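Q: Mind having a look at this structure? Questions to follow.
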Amino acid sequence: MTSAGFSQISPSIVAEFQSLVGADNVISGSAELLVYECDAYTLEKRPPQVVVLPRTTDEISAVLKVCRRENLPIIPRGAGTSLSGTVLAVTGGVLIALTRMTRILSVDVRNRRALVEAGCVNAWITNAVKSHGLYYAPDPSSQMACTIGGNIGTNSGGPHTLKYGVTTNHILGYELVLPDGEVLWLGTTPECGEDVRGLDLRGAAIGSEGMFGIVTRALVRLTPVPQAFKTLLGIFETVDDASQTVSEIIRSGLVPGALEMMDQLITQAVEKAYRFGFPTDAGAVLIVELDGLAPGLERQAALVMELCRANRAREVRVARDDIERLEIWKCRKRAFGAIGRLSPNFLTQDGVVPRSRLPEMMRFIQEVSRRVELRIPNVFHAGDGNLHPLILYDERDPDQVRRTLVASEEILNRCIELGGSVSGEHGIGIEKVDFMAKQFTEDDLEAMQVLRRAFDPELRCNPHKMFPGSKRCGDIPLRKQAAA
């Protein structure tokens, strides 16, 4: 037995997996397993004992039945773009990678929905339906790589979810394989209308980070492409002025399609990488995208310009055409990639604060940056207060790693103090387990665990995540030093 009470994986079990899904779809060599030792949260790494890459729901069901018989932990994984250690194999186990279940199974234009496999990349859906004047609205910055199953696991957001809602608002139903191999469908089925008879458990498992089972297919809602767009860049001398503008835009009654902010450090990195023409001497850049019926957008744009100038914007630009608009969004969504020009490593945070507290929170992050002597650029969903401070460090320097963890803890604690949350879309995973007891009461956490046990009584599905008291990779000396 492992230290967590689970069994080890013998060569005979690996052979059984190979017989179920094919030898080419099972990875067990130590060198190959290193590819799966972490997700985009790279501070903590543990490889699984075996990786299975199924192609069908039936194959997943058969594999999970073996895992139940042998008392093996299961770790669902999509593209590995998650940022909180959500798919870390803390004590080994069987990692189920869905990267070979990538098909768009059907598109129902009339009812504006599509049936896709869980490994389907987010952006592929929009590409498949744009000729019909439709798209899939949730657009994480990693949408060119992240998968629908992973989006369901963490209830992913994105720049345009300010107006259109996060993943849960666009998933009508999905197929779920429970840890014992049973196959369920939760929510609206592909054959029916949107009404659901009985309890609607669809929303319960969205955001459960793979602890309820493995999503294999999803029925997604498609949205009509807006008639027109108006994309503006507000250029400010200070983050404070840009943050205040965000609050006033929302207070005015406008609901932009997106409302994003980049501070000076990230703007400099993006400009060096993509040469769009962002001003590198500005304290902050605000991206405001309005969409809807063309006749109303000019009036809305005029109001945004007025609010930006009232908060001392030195310039407000308007994208001249669709090409320039798409260039702006390419730069914004590739901002994380541009960080490689600033630092060998970075830790992305995902705190949330009320919009009215954004100026205060941004000042606090600057203060933390000075105190720990690490740069912290910011690029985030300003419209809904979802912050993504990027703590820059070098993992080869243990003291920088320690200071990174100190900064992370201080920022997330401050989010809670200001009435916010420690996660808006990246999930809890292993990274933020310790914060759950700070944000929720014991009764809250027990209610969550009761719901989890209804789906997974043996707690074998993605164990050691989210809940305080879990044995996890975070109990390594590194974190203890940071807490000292």
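Q: Taking the range 175-211 on its own, how many of its residues are acidic (Asp, Glu), in a loop (DSSP other than H, G, I, E, B) and at pLDDT 95 or above?
A: Within the range 175-211, residues that are acidic (Asp, Glu), in a loop (DSSP other than H, G, I, E, B) and at pLDDT 95 or above number 3.
Q: Given the structure, is residue 342 surrounded by 13 or more Cβ atoms within 10 Å (Cβ to Cβ), over 18 Å from residue 163 (Cα atoms), in contact (Cβ under 8 Å) with a residue 60 or more places away in the chain and in contact with a Pro (Cβ under 6 Å, 6 or more places away or on another chain)?
A: No; evaluated as a whole, the condition is false for this residue.
For (1) hydrophobic (A, V, I, L, M, F, W, C); (2) touching a Gly at 6+ places or on another chain (Cβ under 8 Å); (3) under 30 Å from residue 128 (Cα atoms), each residue gets a yes or a no:
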site: 197; (1), (2), (3): no, no, no
site: 213; (1), (2), (3): no, no, yes
site: 242; (1), (2), (3): yes, yes, no
site: 266; (1), (2), (3): yes, no, no
site: 271; (1), (2), (3): no, yes, no
site: 276; (1), (2), (3): yes, no, yes
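Q: Does residue 350 count as surrounded by fewer than 18 Cβ atoms within 10 Å (Cβ to Cβ) and among the acidic types (Asp, Glu)?
A: no
Q: Quick check, is residue 356 crowded, with 19+ Cβ neighbours inside 10 Å and either part of a helix (DSSP H, G or I) or in contact with an Asp or Glu (Cβ under 6 Å, 6 or more places away or on another chain) (or both)?
A: It is false that residue 356 is crowded, with 19+ Cβ neighbours inside 10 Å and either part of a helix (DSSP H, G or I) or in contact with an Asp or Glu (Cβ under 6 Å, 6 or more places away or on another chain) (or both).
Q: What number of residues in the range 418-461 are over 23 Å from residue 72 (Cβ atoms), acidic (Asp, Glu) and surrounded by 13 or more Cβ atoms within 10 Å (Cβ to Cβ)?
A: 3
Q: Condition first: part of a helix (DSSP H, G or I), of a type outside the set (A, V, I, L, M) and crowded, with 20+ Cβ neighbours inside 10 Å. Now tell me which residues in the range 360-379 satisfy that.
A: Result: 369, single match.
Q: Modelled with pLDDT of 95 or more, of a type in the set (Asp, Glu) and under 28 Å from residue 405 (Cα atoms): which single residue out of 37, 32 fits that description?
A: Going through 37, 32 in turn, the sole match is 37.
Q: Right, something else. Can you name the residue in the range 147-170 that is in a helix (DSSP H, G or I) and in contact with an Asp or Glu (Cβ under 7 Å, 6 or more places away or on another chain) and is also farthest from residue 209 (Cα to Cα) among such residues?
A: Checking each candidate, the answer is 162.
Q: So, one more: Determine if the range 342-353 includes at least one residue that is aromatic (Phe, Trp, Tyr) and more than 22 Å from residue 438 (Cβ to Cβ).
A: Within the range 342-353, one or more residues are aromatic (Phe, Trp, Tyr) and more than 22 Å from residue 438 (Cβ to Cβ).
Q: Could you tell me which residue of the range 410-457 is nearest to residue 381 (Cα to Cα), considering only residues that are outside any loop (DSSP other than H, G, I, E, B) and of a type in the set (S, T, N, Q)?
A: Only one residue tops the list, namely 421.
Q: Which residue out of 234, 257, 277 is surrounded by fewer than 22 Cβ atoms within 10 Å (Cβ to Cβ) and either more than 26 Å from the chain's Cα centre (by Cα) or among the β-branched types (Val, Ile, Thr) (or both)?
A: The unique qualifying residue is 277.
The values are calculated or read from the model by the stated rules, or taken from the named source; none is laboratory data. Since the structure is predicted, the reported quantities are computational estimates derived from the model, not experimental observations. Quick reminder, even Gly has a Cβ in these numbers, built from the backbone with ideal geometry, and neighbours come from all protein chains shown.
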